[in-house]
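Data block below; observations after.
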Amino acid sequence: MELEIKTLAFGGRGVARQGGEVWFVSNALPGERVTVAEERRRRGIVEARTLEVLSPSPWREPDPCPKAFGECGGCDLAHVAAGFREKAYKTSLLGALRGAPEALRTAVEAATFFPSPWHYRLRGRLHWAPEAQVLGFYAPSSHRVASLEGCRVLSPGTLALLPAWAESLKNANLPAGELEFLEDLPGERRLLLFRGLFSGELPRLPGVDGFWGIRGRGWGQRELTLELPLPLTVPVGSFVQGNRFLLAELWRMVEALVREEGFSRVVDLYAGVGFLAAAARFGGAQELTVVEVSPRAARAARANLPQARVLSMPAEAAVGQGALVGADLVILDPPRGGLSPAVREAVAAAKLSSLLYVSCDPACLARDAKVLVDAGFAVRWAKLFDLFAGTHHVELAVLFRKT
């Protein structure tokens with residue numbers, strides 16, 4: 001089957017139409033003619049993979065990772081050249097935001113884009129397959145674990161250590177599970193957390209400062225410090241944005257917003273260890289309320305921001321207890337599913353002047369933005385951060401102001 005690709009869907013697949021059906025094709029870009037192999041078909045939608053690119057797009061990366069679109073499923077936009085990532089992201093986002101308020105779509109089209117180099121990952125999860133003795137990412141549409149020789153998202157230091165780690169895990173008879181890693185900004189120090197059922201002694205691994213299990217057994221350090229304008233302590237297993245190169249840009253965005261607008265009272269409803277709240281503090285915020293559901297991350301937020309009021313509870317409970325009252329700025333960086341109905345309704349009804357919404361899922365952002373716009377908020381600007389370079393995931397920050 002030969003197809004002409006018309007656009008790019010959110011998720012990284014090229015889109016074509018043929019015989020009344022919509023085709024979603026991996027490793028295909030707008031403007032290309034490709035031959036494809038069908039993989040799945042359901043009610044007018046066909047998923048396929050590219051067999052041959054007959055006429056390549058200018059967007060196409062001339063030297064993509066050789067493991068992409070076959071062996072490793074980690075990077076579904078590995079075929080997009082760095083100079084065209086912004087165009088690719090905006091094309092796919094605008095498709096995903098088709099039902100969003102027009103002001104949000106306009107802001108995304110005009111958004112400043114912050115690109116990322118490779119080897120950006122300072123935290124993430126690897127899969128351990130003891131039968132194959134492989135430590136890596138899943139293969140596409142599979143639970144088979146692919147090895148990561150030459151991986152472009154991990155730091156060179158961690159990449160070089162993977163064979164020795166796999167050998168040690170094999171010798172310790174560690175069962176299948178996930179190995180979560182956390183690095184410092186230079187990529188010189190690292191901690192590991194094993195997410196799996198194991199009651200034995202975790203092995204000593206080269207290049208690792210601490211190795212822990214989810215049941216609290218392990219050895220070495222439990223946390224690292226990220227050297228930002230305000231140093232940030234991060235326990236392994238807790239949330240912090242995972243791109244070592246763009247943390248500074250996210251920090252500057254929040255710091256500048258707080259400083260330029262003179263915001264004094266800031267609420268961060270999904271704070272993790274307090275990264276965005278710390279940037280607000282550095283920008284001049286005097287009163288901080290930090291909300292975080294994870295007890296471990298909330299403890300770290302207290303250590304990172306001793307002046308802040310830290311509420312270790314779900315965002316729903318915090319807004320129910322009046323956490324939004326009197327805030328100049330509310331920061332929203334929710335999980336992928338976006339705001340829950342309770343939080344969405346509370347934010348829309350609160351007497352707020354400004355919201356900074358940081359999202360990694362455009363469909364959920366579109367849903368939440370519609371409620372906010374209907375409640376009287378206007379979209380002021382948007383910024384795009386390539387936090388997950390090589391994948392279709394992109395971080396979208398949007399400033400809303402009450403009109």
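The values are calculated or read from the model by the stated rules, or taken from the named source; none is laboratory data. Not measured: the values here are computed from a predicted model. For neighbour counting, all protein chains shown are included, and Cβ atoms are generated from backbone atoms with ideal geometry for every residue, glycine included.
Considering ARG195, ARG190, ARG144, the condition of being buried (at least 22 other Cβ atoms within 10 Å of the Cβ) and of a type in the set (Lys, Arg) is satisfied by ARG190 alone.
Among all positions in the range 274-282, there is at least one residue which is within 22 Å of VAL240 (Cβ to Cβ) and either surrounded by fewer than 19 Cβ atoms within 10 Å (Cβ to Cβ) or not assigned by TED's automatic domain parsing to the domain that holds MET253 (or both). Scanning the range 366-397 for residues that are buried (at least 19 other Cβ atoms within 10 Å of the Cβ), in a strand (DSSP E or B) and either basic (Lys, Arg) or in contact (Cβ under 8 Å) with a residue 60 or more places away in the chain (or both) turns up VAL379, ALA382, LYS383, LEU384, PHE385, GLU395, LEU396, ALA397.
Being under 21 Å from the mean Cα position of the chain (by Cα), charged (D, E, K, R), farther than 25 Å from ASN304 by Cβ and in a loop (DSSP other than H, G, I, E, B) holds for only one residue in ARG204, ARG152, ARG215, and it is ARG152.
Filtering the range 43-53 for residues that are in a strand (DSSP E or B), free of Cβ contacts under 8 Å to residues at least 24 places away in the same chain and outside the structural domain of HIS127 (by TED's automatic domain parsing) leaves a non-empty set. Checked against (1) more than 19 Å from LYS87 (Cα to Cα); (2) more than 27 Å from the chain's Cα centre (by Cα), GLY31 passes all but a single condition, namely (1).
Considering the range 351-365 alone, what residues qualify as being in contact with a helix residue (DSSP H, G or I) (Cβ under 8 Å, 6 or more places away or on another chain) and either under 21 Å from THR403 (Cβ atoms) or surrounded by 19 or more Cβ atoms within 10 Å (Cβ to Cβ) (or both)? SER354, LEU355, LEU356, TYR357, VAL358, SER359, PRO362, LEU365, listed by residue number.
Scanning the range 218-240 for residues that are assigned to a loop (DSSP other than H, G, I, E, B) and closer than 13 Å to ALA277 by Cα returns LEU228, PRO229, LEU230, PRO231, VAL240.
Just to be sure, is TRP118 part of a loop (DSSP other than H, G, I, E, B), under 22 Å from the mean Cα position of the chain (by Cα) and not basic (Lys, Arg)? Taking the combined requirement at face value, the residue satisfies it.
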